[in-house]
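**Student:** Handing you this structure, nothing more for now.
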Amino acid sequence: MELLLAQSTSAFISSGLGGVVLIVFFWRISEPLASGLWLVAYSFVAAARIMLSRRFLSPANKNRSDSKWLNVYGLCLLCSGAVWGVYLAYLSIFAEGIYAVVLLITFAAVLASGVSAYSISFPMYLVFSIPVLFPAITNLLLSGRSLDLVVALIVMSWFLFMVSTARRFSRFAMRSLGLEYKNDQLLAQLESQNERAERLAAELMVLSNTDALTGIHNRRYFDLEMKHEWLRGRRSKEVVSLILCDIDCFKKLNDSKGHEAGDKCLRRVARALENEVRHGTDFVARVGGEEFAVLMAETSLENAVLLAERLRQVVLELKIPNQESYVSDIITMSFGVSSLSPSEENKPEDLVRLADEQLYKAKSEGRNRVSYVS
């Protein structure tokens, strides 16, 4: 019991701080009342656990029954896990784009911190982790959205890995330590393993949204962020702009110089485009073989056209040879620009369609130019 209390205090405090950060991150898209209720419930459970710890460790409590205190502590863990589980289930409603990534990392962090805090007693880890997992997993599986199913599978896989880790640690601890806390090395190894697993989970999410060749965002991330920005634009009544562009006569470069030269060209162009785009609100993604997209939040058509023209010049300044091109002896790009104010009457697909039409127009008029709806 003393070992459980010693291990769980720091994890409980850090989880509370993490919960506050989570509230701030989801504040704009979630109901403040729900976040407030979570904070009140979490604070209540925190107060109960603090009181339990003080009474258990009190010198006046000499004739204590560890089994009784363990049952009470288990009830506190159950409440703590349920508080987390209900709130994460609520936040899973908004699990799109970057919010899905943050939700996955939160699940990983909560379940991993529970391993180091509670798995000295394996049943205590299950008492805490199952209420964390069950509400959100149920909500994700019943939503019917393909992204939610992916999130649910990743979380379940991570949970099973954490359960296996907790079980191994519990066995090692009970065999080596008995009921006393003596082996710091085991704890250090477990914490190192948890940190590594958390890093791997975060890296997995980054890789799933990154184009392997160029290192910028891929089509999957573009589609998710387009939906997210569209919803945000409907709330804020701000314009969303899109640039679609592709490299002129790229096939001729591949045919004459080979795929290695083509891949090098794609990487240089991707870096050049990314360096010119505002980070935080805008981003570049590779959405096809030689096609790229630039999504811009709260950006007027005029400013989007100016950016497209700057990007066109930046590509020219790379001076990548392409003697087989009938446009120029260096690599050039064509650009299509569109802007819409998101509403109930239009969809993200409309913004993409308009930009694609303008890109086709730029190519049909000679390439190496910017076309937009005037």
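The values are calculated or read from the model by the stated rules, or taken from the named source; none is laboratory data. What you are looking at is a predicted structure, and each value in this text was computed from that prediction instead of being measured. In this analysis, Cβ positions are derived from the backbone assuming ideal geometry, glycine residues included, and neighbour counts consider all displayed protein chains. Remember, those area values only see protein heavy atoms, side chains included, never the ligands or the DNA or RNA. Shrake-Rupley method; radii C 1.70, N 1.55, O 1.52, S 1.80 Å.
**Student:** Output the qualifying pairs, or none if there are none: Cβ atoms under 8 angstrom, residues six or more apart or on different chains, first residue in segment 122-141 and free of Cβ contacts under 8 Å to residues at least 12 places away in the same chain and over 13 Å from residue 103 (Cβ atoms), second residue open to solvent by 30 Å² or more (accessible area, probe 1.4 Å) and of a type outside the set (Lys, Arg).
**Tutor:** Cβ pairs passing all conditions: 141/149.
**Student:** Give the number of residues within segment 222-248 that are surrounded by 20 or more Cβ atoms within 10 Å (Cβ to Cβ) and under 15 Å from residue 291 (Cα atoms).
**Tutor:** 8
**Student:** Further, regarding this structure: Tell me which residues, restricted to segment 291-301, are open to solvent by 30 Å² or more (accessible area, probe 1.4 Å) and farther than 15 Å from residue 274 by Cα. Show your work before the answer.
**Tutor:** The initial filter retains those residues of segment 291-301 that are open to solvent by 30 Å² or more (accessible area, probe 1.4 Å), namely 291, 298, 300-301.
Result: 298, 300, 301.
**Student:** Then there is this: Of everything in segment 318-341 that's farther than 14 Å from residue 358 by Cα and of a type in the set (Ser, Thr, Tyr), which residue is most open to solvent (accessible area, probe 1.4 Å)?
**Tutor:** So, considering only residues that are farther than 14 Å from residue 358 by Cα and of a type in the set (Ser, Thr, Tyr), the one most open to solvent (accessible area, probe 1.4 Å) is 326.
**Student:** Please go through segment 233-260 and give me each residue that is under 33 Å from the mean Cα position of the chain (by Cα) and of a type in the set (Gly, Ala, Ser), ordered by number.
**Tutor:** 233, 236, 241
**Student:** Inspect segment 269-282 for any residue being of a type in the set (Gly, Ala, Ser) and either part of a strand (DSSP E or B) or at pLDDT 90 or above (or both) and give the result as yes or no.
**Tutor:** Our first condition is that a residue be of a type in the set (Gly, Ala, Ser); within segment 269-282, this holds for 270, 272, 280.
Okay, now just the ones that are also either part of a strand (DSSP E or B) or at pLDDT 90 or above (or both), so 270, 272.
Yes.
**Student:** Within the set of pairs 6+ apart or on separate chains, which have a first residue in segment 273-287 that is free of Cβ contacts under 8 Å to residues at least 40 places away in the same chain, a second that is β-branched (Val, Ile, Thr), and C-beta atoms under 7 Å apart?
**Tutor:** From residues that are free of Cβ contacts under 8 Å to residues at least 40 places away in the same chain, the pairs are 276/314; 277/284; 277/294; 282/294.
**Student:** So, in segment 319-339, of the ones that are within 39 Å of the chain's Cα centre (by Cα) and of a type in the set (Gly, Ala, Ser), which residue ends up farthest from residue 269 (Cα to Cα)?
**Tutor:** The initial filter retains those residues of segment 319-339 that are within 39 Å of the chain's Cα centre (by Cα), namely 319-322, 330-339.
With of a type in the set (Gly, Ala, Ser) added as a condition, the list becomes 334, 336, 338-339.
Details: 334: 13, 336: 17, 338: 21, 339: 24 Å.
My answer is 339.
**Student:** If I filter segment 302-317 for residues that are surrounded by 14 or more Cβ atoms within 10 Å (Cβ to Cβ), assigned to a strand (DSSP E or B) and within 35 Å of the chain's Cα centre (by Cα), do I get at least one hit?
**Tutor:** No, that holds for no residue.
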